[in-house]
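The values are calculated or read from the model by the stated rules, or taken from the named source; none is laboratory data. All figures in this text were calculated on a predicted structure; none of them were measured in a lab. When we count neighbours, we look across all protein chains shown, and the Cβ atoms used for this are built from the backbone with ideal geometry, even at glycine.
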Amino acid sequence: MDGQTNVVDRAEQYLHRHGRLIDRLRFEALFRGGSRERVHDALRCYQNADGGFGNALEPDLRGPGSQPEPVEVACWILDELDAFDSPMVPAACDYLASITTPDGGVPFVLPSVRDTLRAPWWQTDDAPPGNLIPTASIAGLLHKHGITHPWLATATDFCWSEIASLKEPGAYEARAALTFLNLVSDRERAEAEFTRLRDTLLSTVTFDLNAPGHVHFPLDFAPAPSNLPLFSQDVLDTHLDAMLAAQSADGGWGGNWTMWTPLVEHEWGGYVTVHHLGTLRAYGRL
């Protein structure tokens, strides 16, 4: 058995031991020729009647109610399956339109989160403003797949405005902005903004492979080859080697943030494991 096959087989065993059904089905569809419709069926169970997503699709948000960030998680899953023709997409856009703030974006999290079990960092003011997280990533993915919906025009204007005023972003903001610039349809404007912001974006990246805590490495910003490359191939290769080496003895990968309750360690582990396999394959390592 060659090393690449062993990486995938070990990950499969991890998922069978610990992964949620949706992440096991994602793996089957992406790496074993399994049914993509079964992934859709599982994802539909996380979508609420209002079109939003909840029900711990984002494992740190345990409540059943809809929140903006789980919509982004759902969009990334649909993206990896090339399934933006799903009826879930316009329903989710209708939900986003219903929670869009006067500035044109959707908040990072809604005040209703206070009534649910969640990780301690999910806090918000009474009237949170729009945020690049998750507005920019969702808008970028909708552009990538050619989706037309009234919400997208509003969100796109918001993203351009926020990116134009970006000064000292956190890593999550930088990642969201980069996703939008990488995928938005106005390529000339995106390339100009990327050139202007390149050093600002790089300032949020951690290159030290041994850095502790919840840091953001190059592959967090570039999980696949990009229209707007932020890193040299040497940097990417170093971090791809490190990703392969970081596969655990039981075959999975996990997050480097606080696992605040035991269940989320493996819920995140399954999601991250499939995501990392996708990154390794995107760069020709699988």
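Residues in the stretch 244-283 that are among the β-branched types (Val, Ile, Thr) and in contact with a Lys or Arg (Cβ under 9 Å, 6 or more places away or on another chain): Thr261, Val264, Val274, Thr279.
All conditions in (1) exposed (fewer than 13 other Cβ atoms within 10 Å of the Cβ); (2) under 17 Å from the mean Cα position of the chain (by Cα) hold for Ala211, with the sole exception of (2). Of all residues in the stretch 98-154, those satisfying the criterion of being charged (D, E, K, R) and either buried (at least 23 other Cβ atoms within 10 Å of the Cβ) or within 30 Å of Arg187 (Cβ to Cβ) (or both) are Asp103, Lys144.
Exactly one residue out of Ser112, Ser203 is among the polar types (S, T, N, Q) and more than 24 Å from Gly54 (Cβ to Cβ): that is Ser203. The condition of being at pLDDT 95 or above and farther than 21 Å from Phe221 by Cβ holds for only one of Leu96, Leu132, Leu142, that being Leu96.
Scanning the stretch 149-184 for residues that are more than 13 Å from Pro134 (Cβ to Cβ) and among the polar types (S, T, N, Q) returns Thr154, Thr156, Ser161, Ser165, Asn182. Counting the residues of the stretch 215-273 that are in a loop (DSSP other than H, G, I, E, B), within 25 Å of Leu15 (Cβ to Cβ) and among the small types (Gly, Ala, Ser) gives 9. When restricted to residues that are over 24 Å from Ala246 (Cβ atoms), part of a helix (DSSP H, G or I) and more than 22 Å from the chain's Cα centre (by Cα), the stretch 1-41 contains 0. Considering only residues in the stretch 274-286 that are out of contact with any helix residue (DSSP H, G or I) (no Cβ under 7 Å at 6 or more places or on another chain) and part of a helix (DSSP H, G or I), the one that is nearest to Ala211 (Cα to Cα) turns out to be His275. If the condition is being polar (S, T, N, Q) and surrounded by fewer than 18 Cβ atoms within 10 Å (Cβ to Cβ), then the stretch 215-257 contributes Ser226, Asn227, Ser232, Gln233, Thr238, Ser248, Asn256. Given the structure, is Thr279 β-branched (Val, Ile, Thr), in contact (Cβ under 8 Å) with a residue 40 or more places away in the chain and within 29 Å of Asp60 (Cα to Cα)? The answer is yes for Thr279.
Among (1) modelled with pLDDT of 95 or more; (2) surrounded by fewer than 17 Cβ atoms within 10 Å (Cβ to Cβ), where does Ala174 come up short? Every condition holds for Ala174 apart from (2).
Within the stretch 87-96, can one find any residue that is in contact (Cβ under 8 Å) with a residue 24 or more places away in the chain, within 25 Å of Val215 (Cα to Cα) and over 19 Å from the mean Cα position of the chain (by Cα)? Scanning the stretch 87-96, I find no residue that is in contact (Cβ under 8 Å) with a residue 24 or more places away in the chain, within 25 Å of Val215 (Cα to Cα) and over 19 Å from the mean Cα position of the chain (by Cα), so the answer is no.
Tell me, which residue of the stretch 2-60 that is among the hydroxyl-bearing types (Ser, Thr, Tyr) and closer than 21 Å to Glu265 by Cα is surrounded by the fewest Cβ atoms within 10 Å (Cβ to Cβ)? This residue is Tyr46.
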